[in-house]
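*Asks:* Could you have a look at this structure, given as structure tokens, before my questions?
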Amino acid sequence: MEPKVGSGTYVKDRESEHHGYYYPVAPREGIDMAICRPLLVNQQSHFHDSLLQLAQEPIAQNAVLGYHSAAGLHGHSQVLRSWLSEKWQHDIDSRRLCWTYGGQHGLSAIIQGMTRPSDVILVEGLCYAEFVHACQQSERKVVPIKLDEYGVVPEDLHLQCQRHSPKLLYLTAAVQNPTCVQLNDSRRLQVIEICRRFGVMIIEDDVLYCPPENRKSPLIAIAPDITIYVGSFSKYFSGGIRVGFLIFPLALQLALQKSLRASCMNVSPLLVDLVCRWLSNGAMNAVDEEIAQELKARYRIFETFFPHQAQHAIAGFNVWLELPAPLNSASFREQLAEEGVHVREAELFAVGHHIIPPCVRLSLTGPTSRSQLKEGLRIIYDAIHSDTTTCLIE
């Protein structure tokens, strides 16, 4: 019922009330190319089917509604192990696996479990901002490593290891965030050799989507003794599921499990069970193929506006758009926001005194449709080429 002053009381439309219940508290108006979202293809159908199956399995219901240790359910770990082993053609000991509430939770657990306040953590000079925030929140010192078109510069990594005796090196080797470059094979081996020499553990953050044709063997498969791998299904399947995992050297099992228990007793078995069903029944792989096709279509739209830049990037969820002189990325972001398009400026990712390039990060998956993506790119293109633009370097 809905009372209206001076008019009476009316029966509310149930459908509109139901819609409002699930409406975001603070929706962003306009075309959002700032947030890197997973593409929704047929996930809702898989979600629906799995819930129906679970509703008919009382043994499974009893298991996922119960309390369990941080290690979770045996069957869940085996499903993840089998899926990863098939994906990488590399067998993994299930004792080296643990579940997390997504990538960010895993990163925070590593910071807390592997370092102490004032310890040094090396990061890419342009870096995922929330990892830096997690380090600063826990009073860890963050030191940037120089980047070029091939990823982190080994010579600078060697220098910073000598200077700071770091505990950890944080890398997004598959698809660097935000520049979208990939650490090549030669650099990977150099980075591993340097980290081994100085006793530095590598955090391999691999949560961003990488197209099948660009996928390489992860560092955890090459150097399992010094790598902690952070995986997540948030970008690959659904942001709302919030399920991820860690792979680590067996010697670190106790430290990382204690750190995870300090933040949550265990990851919800219900959420993990849904993910394991999708890993087992082929839904995860099917969604992966559908996302790859949709991304290709969206990347072709990007190429129509910026053909030169498209030649040098991995066709993932994001693109790193270089702005021509005299444009400034922070001012350019503000101008675009006034026109209803939201992007990420380079300043957001720069660590310490690292050089801030005139670039913005665009998410091709943020727009809700190809037509909205095209409109957003048109606005960006026009803003770059407008004679009246005011985004001058200060």
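The values are calculated or read from the model by the stated rules, or taken from the named source; none is laboratory data. Quick caveat: nothing in here was measured; it's all calculated off a predicted structure. Methodologically, a virtual Cβ is constructed for each residue, glycine included, from the backbone with ideal geometry; neighbour enumeration extends over all protein chains shown.
*Asks:* Inspect region 106-125 for any residue being closer than 23 Å to PRO224 by Cα and of a type in the set (Ser, Thr, Tyr) and give the result as yes or no.
*Replies:* Yes, the conditions are met somewhere in region 106-125.
*Asks:* Hey, another quick one. Taking the condition of being of a type in the set (Gly, Ala, Ser) and modelled with pLDDT under 95, how many residues in region 139-172 meet it?
*Replies:* Initially, region 139-172 is screened for residues of a type in the set (Gly, Ala, Ser), giving 151, 165.
From what is left, the residues that are modelled with pLDDT under 95 are 151.
Total satisfying the criteria: 1.
*Asks:* If ASP185 satisfies all but one of (1) more than 22 Å from PRO358 (Cβ to Cβ); (2) buried (at least 16 other Cβ atoms within 10 Å of the Cβ); (3) modelled with pLDDT under 95, what's the number of the condition it fails?
*Replies:* (2)
*Asks:* Are any residues in region 271-309 more than 22 Å from the chain's Cα centre (by Cα) and hydrophobic (A, V, I, L, M, F, W, C), and if so, which ones?
*Replies:* ILE301, PHE305, PHE306
*Asks:* How many residues are polar (S, T, N, Q) and closer than 15 Å to ALA315 by Cβ if we restrict to region 353-374?
*Replies:* Pass one, region 353-374, residues polar (S, T, N, Q): 363, 365, 368-369, 371-372.
Next, only the ones that are closer than 15 Å to ALA315 by Cβ stay: 363, 365.
Count: 2.
*Asks:* Testing ILE59 on (1) modelled with pLDDT of 90 or more; (2) closer than 20 Å to PHE245 by Cα, one condition comes back false. Which one is that?
*Replies:* (2)
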